[in-house]
Amino acid sequence: MTRYQILLIILLGAVSIAQTPASKEVETVYPDAHALYLDLHEHPELSKHETQTAEKLAAHLRSAGYDVTEHVGGTGVVAILKNGSGPTIMLRTELDALPVEEKTGLPYASKVHAKDDAGREVPVMHACGHDLHMAAILGTAEIMAHSKNTWHGTLMLIGQPAEEGFGGAKVMINDGLFKRFPKPDVAVALHVGNTFPAGLVGITPGVYNTNADSVRITIYGKGGHGASPNTTIDPIVIAARTILALQSIVSREVKPGEMAIVTVGYIHAGTKNNIIPDQAEMGLTVRTYKQDVRKQILAAITRITKGEAAAAGVPRDPLIDRYQGDDSVYNDPALAQRLRAPLEVALGKDSVVVAEPITTSEDFSYYVEEGVPGFYFSLGGADPGKFAEAKASGDPLPSNHSPLFAPDLDPALHTGIAAEVAVLRNLLNTSVEELHKLTAQPSSH
């Protein structure tokens, strides 16, 4: 198949998606959602500092008729809309942006700079699509509020802070999310990316993404003059040897075929070219699907790091700090299978695909660990034409967290709203007993 044939198929698919009945309902709320997206994209805020972002989302949801509580787990927002008896269904969005300098060239591109938690001034960008998620949840909220005759139960919307590696979900739970507010029978979320063209959604039954562990390693040496290395124990050299050795874990210790990633994302050491410092710090991310592989890799990191340091005769053992660990997101298979049908009705049968697990992480898993069955699905964000060209050339499109990441807004936002409404209506028209039976959860009602 030529790239032009691929392009034609994708473009025709996008046209068919735009003509589905659900899109007509979305048009009524799209202006508000679109305006919020532009505002949020241009004015992003870092994790745990999403003050204005939370206030904007809360104000919009309050205007739509929701009972809104702010400052849950810091800047978190909880919005409740009750509509008679029935299940409680939670839909979550994230609030935070990333310390990335935007290079998209968009007229509404972020030019924001802010101080991070270490006091450094950094650029800020919605490089992961959370702005689109918030815009979609607003459009969805307005449709659900205006069409209460189409569902019954309690709709719970969550604006979660600090998803980007800071455990915002856990902080909200620790602040009484499921005690101060109704505990949901099902939790739902989506994530936009360039894995699919805009207009498509992907469903992944079972494991959706990876376990993620963040590890900070500090290697202690003996500082001195760069011209007299023989009087020192150079932590930079030890760190370099350690980095190379760590790369052998996946290639030589993990069983072939098992998914495992060990990435060293940064190394900080030294202040001047002719000074050997007395310590070096490295930051790692570890990704796995299976718990036994996860345990194996973390143990190997400790063994190798200590071994390299000991071989160099360091004055002090290295510090190995696993400061964060998020479990993989698990989609209840029965729930995922059930929700495929309403998505196909809303978007078109060819617009819903089964997707493979991905290697990124997400703290939505904390909600699932609280005993709430989850449905987390993917939203296509790529421009269909550029997606087809990338497939044909083999040159991938910018990924989430790239300074060039920008979803194809018009189809993606329309599709996100239509998909969320379809999922929520299906769940909110199902009895609590049926949902608990479907997900094998003991009924507490």
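Counting only strands (runs of 3 or more DSSP E) that fall entirely inside the stretch 82-135 and contain at least 2 residues that are at pLDDT 95 or above and closer than 22 Å to A419 by Cβ, the qualifying elements are 88-94.
The set of residues in the stretch 90-106 that are under 23 Å from K56 (Cα atoms) and either polar (S, T, N, Q) or touching a Leu at 6+ places or on another chain (Cβ under 9 Å) (or both) comprises M90, L91, R92, T93, L95, D96, A97, L98, P99, E102. Among the residues of the stretch 198-235, those identified as closer than 30 Å to A406 by Cα and either small (G, A, S) or touching a Lys or Arg at 6+ places or on another chain (Cβ under 7 Å) (or both) are A198, G199, G202, I203, G206, T210, N211, A212, D213, S214, V215. The set of residues from the stretch 138-183 being closer than 24 Å to S328 by Cβ and assigned to a helix (DSSP H, G or I) comprises G168, A169, K170, V171, M172, I173, N174, L177, F178.
Please specify each residue of the stretch 382-430 satisfying the condition of being out of contact with any helix residue (DSSP H, G or I) (no Cβ under 9 Å at 6 or more places or on another chain) and hydroxyl-bearing (S, T, Y). Scanning the stretch 382-430 gives S399, S402. Filtered by the rule that a residue be polar (S, T, N, Q) and within 16 Å of S23 (Cα to Cα), the stretch 391-428 gives a lone residue, T415.
No other residue among E356, E369, E362, E389 is farther than 28 Å from E258 by Cα and among the acidic types (D, E) apart from E389. Failed condition for A310, given (1) over 17 Å from Y220 (Cβ atoms); (2) free of Cβ contacts under 8 Å to residues at least 24 places away in the same chain; (3) hydrophobic (A, V, I, L, M, F, W, C), with all others met? Just one mismatch for A310, condition (1). Could you please let me know if L427 is crowded, with 22+ Cβ neighbours inside 10 Å, farther than 13 Å from P197 by Cα and modelled with pLDDT of 95 or more? It is true that L427 is crowded, with 22+ Cβ neighbours inside 10 Å, farther than 13 Å from P197 by Cα and modelled with pLDDT of 95 or more. Would you check if there is a residue in the stretch 412-422 being out of contact with any strand residue (DSSP E or B) (no Cβ under 6 Å at 6 or more places or on another chain) and surrounded by fewer than 24 Cβ atoms within 10 Å (Cβ to Cβ)? Yes - at least one qualifying residue is present in the stretch 412-422.
Screening the stretch 260-269 for residues that are out of contact with any Pro (no Cβ under 8 Å at 6 or more places or on another chain) and surrounded by 17 or more Cβ atoms within 10 Å (Cβ to Cβ) and picking the one that is farthest from T218 (Cα to Cα) gives A260.
Does A341 count as over 21 Å from the mean Cα position of the chain (by Cα), surrounded by 14 or more Cβ atoms within 10 Å (Cβ to Cβ) and outside any loop (DSSP other than H, G, I, E, B)? Working first, answer last.
Details: over 21 Å from the mean Cα position of the chain (by Cα): yes; surrounded by 14 or more Cβ atoms within 10 Å (Cβ to Cβ): no; outside any loop (DSSP other than H, G, I, E, B): yes.
No, not satisfied.
Checking each residue in the stretch 63-81 for being assigned to a strand (DSSP E or B), in contact (Cβ under 8 Å) with a residue 40 or more places away in the chain and closer than 17 Å to I137 by Cα picks out T69, G76, V77, V78, A79, I80, L81.
Listed residues V77, V68, V72, V26; which is at pLDDT 95 or above, touching a His at 6+ places or on another chain (Cβ under 6 Å) and surrounded by 15 or more Cβ atoms within 10 Å (Cβ to Cβ)?
V26
The set of residues in the stretch 184-212 that are over 30 Å from D383 (Cβ atoms), assigned to a strand (DSSP E or B) and modelled with pLDDT of 95 or more comprises V186, A187.
Yes/no per residue for (1) without any contact (Cβ under 8 Å) to a residue 60 or more places away in the chain; (2) within 25 Å of P357 (Cα to Cα); (3) out of contact with any Leu (no Cβ under 7 Å at 6 or more places or on another chain); (4) buried (at least 17 other Cβ atoms within 10 Å of the Cβ):
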| position | (1), (2), (3), (4) |
| --- | --- |
| A239 | yes, no, yes, yes |
| T271 | yes, no, yes, no |
| K295 | yes, yes, yes, no |
| L298 | no, yes, yes, yes |
| R303 | yes, no, yes, no |
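Taken over the stretch 90-143, the criterion of being under 21 Å from V72 (Cβ atoms), of a type in the set (D, E, K, R) and out of contact with any helix residue (DSSP H, G or I) (no Cβ under 7 Å at 6 or more places or on another chain) is satisfied by R92, D117. Only one of the numbered conditions (1) under 20 Å from the mean Cα position of the chain (by Cα); (2) in a helix (DSSP H, G or I); (3) not basic (K, R) is violated by V26, and that is (1). Out of curiosity, is G199 in contact with a helix residue (DSSP H, G or I) (Cβ under 7 Å, 6 or more places away or on another chain) and on the phi > 0 side of the Ramachandran plot? So G199 fits the description; yes.
Scanning the stretch 99-115 for residues that are buried (at least 20 other Cβ atoms within 10 Å of the Cβ) and under 18 Å from L36 (Cα atoms) returns a single hit, S110.
The values are calculated or read from the model by the stated rules, or taken from the named source; none is laboratory data. Bear in mind the structure is a predicted one, so any value in this text is a computation, not a measurement. Heads up, the Cβs are rebuilt from the backbone with ideal geometry, glycines too, and the neighbour counts pull from every protein chain shown.
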